[in-house]
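A short reminder: the numbers here are calculations on the coordinates, not readings from a lab. These figures come from a predicted structure and were not determined experimentally. Cβ: placed from backbone, ideal geometry, glycine included. Neighbour counts: every protein chain shown.
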Amino acid sequence: MDKILKIITFSVRELGEILLFIINSIVGFFLCQKRFSKIIISSYEIGFRCLFIILVIGLFTGMVMGLQMYYTLIKFGAESALGTAISLSIIRELGPVLSALMIVGQSGSAICSEIGIQRNDEQIDALETMGIGSRSFLAGPRLLAGFICFPILTAIFDLIGLWGGYFSGSILMGLDAAIYWNKVFSSVQFIDVLGGFIKSFIFGVFTIGICCYEGYYSHIKSSYPGIRGVSQAATRAVVKSSIFILVFDYLITSFLL
């Protein structure tokens, strides 16, 4: 029991440190110069470079769901509900969760490694010596880019996932396309879309914040110095971000339902 309490206390304390890191980085970023160009560069890193993997994962997620749910629903004579099942599953849950996991795996780990290497090469110390807020300079634009790009990529994932379900259910399995799309449009409500975007906004800020935080403090939190410590930080960033996504997905879902 004591170990569980220690783990909970440590997790809450670290989450608070990450939250303060995010707030300080964003507030300090608005005092920087050339803010727009920094956001554009960070949006390219987080958004455009992850577009291909979002398209691929979204398409095949929809296709797999189309096959699995069709064979499940047909046992109950309810194959006409395929559009409802796929659209609500993707828009409410799979879209924001899988998009966030893919972005963290590709861009989040790279961001953590880059900041960790800058810490290892004493570039962050040089920024502080020149009077430049290193957290706002390095983490600020990436946090705002995550806030912008995560919902956009989630929306793309949702759309391509619905088309993947249409391909499996209608083209391969023979379900009437009109029935499929009619169920999609009639079953999805505004609150469903809003819930998915709320998740993507929260995931975008906190997961990128975790990756920046782990890279920024890699010299303190890693058990090995140098490059090996940076690799440890990148691993921790991906693992912690993934846990955060799944835990807070449950908490947000329970709050919205």
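Based on DSSP H runs of at least 4 residues, each adding -39500 (n - 2.57), what is the mean residue ellipticity at 222 nm of the chain after dividing by all its residues, to the nearest 500 deg cm²/dmol?
Numbers: 13 runs with 204 residues, N = 257.
Helices in the chain give a 222 nm mean residue ellipticity of -26000 deg cm²/dmol.
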- [ ] Any cysteines in the chain with zero other Cys Cβ atoms under 4.7 Å from their Cβ? List them, or say none.
- [x] C32, C50, C149, C212
Open item on the list: For a bin width of 5 Å, list the pair-distance distribution of the stretch 38-256 built from all Cα-Cα distances, rounded to whole %.
Closed with: 1, 8, 14, 16, 16, 13, 10, 8, 6, 4, 3, 2, 1, 0
Task: Convex hull (Cα only) mean projected area of the stretch 13-102, reported in nm² to one decimal - done: 8.6 nm²
TODO: Excluding S89 itself, calculate the net charge of residues whose Cβ lies under 11 Å from the Cβ of S89, where each Lys or Arg counts +1 and each Asp or Glu counts -1.
DONE: -2
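Which whole DSSP H helices in the chain pass both tests: a Cα extent of 18 Å or more along the axis and a mean Kyte-Doolittle value no lower than -1.0?
Numbers: long enough: 2-29 (40 Å, 1.22); 51-73 (32 Å, 1.89); 140-166 (40 Å, 1.31); 190-216 (39 Å, 1.36); 226-256 (44 Å, 1.08).
TM-like helix candidates: 2-29, 51-73, 140-166, 190-216, 226-256.
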Open item on the list: Which residue fluctuates most in the GNM of the chain (Cα springs below 10 Å): I220, I115, I57?
Closed with: I220
- [ ] With a ≥ b ≥ c taken as the square roots of the eigenvalues of the C-alpha gyration tensor of the stretch 1-151, please select rounded if a/c is under 1.5 and otherwise prolate if a/b is larger than b/c or oblate if it is not?
- [x] prolate
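Rounded, prolate or oblate, given the Cα gyration tensor of the stretch 172-257, with a/c below 1.5 counting as rounded? Please report the intermediate quantities before stating the final value.
On the way: a/c = 4.34, a/b = 2.51, b/c = 1.73.
Here the stretch 172-257 falls in the prolate category.
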- [ ] Pull up the cross-link candidates among the aspartates and glutamates for K199, meaning alpha carbon to alpha carbon under 14 Å and not fewer than 8 places away within one chain.
- [x] E93, D158, D249
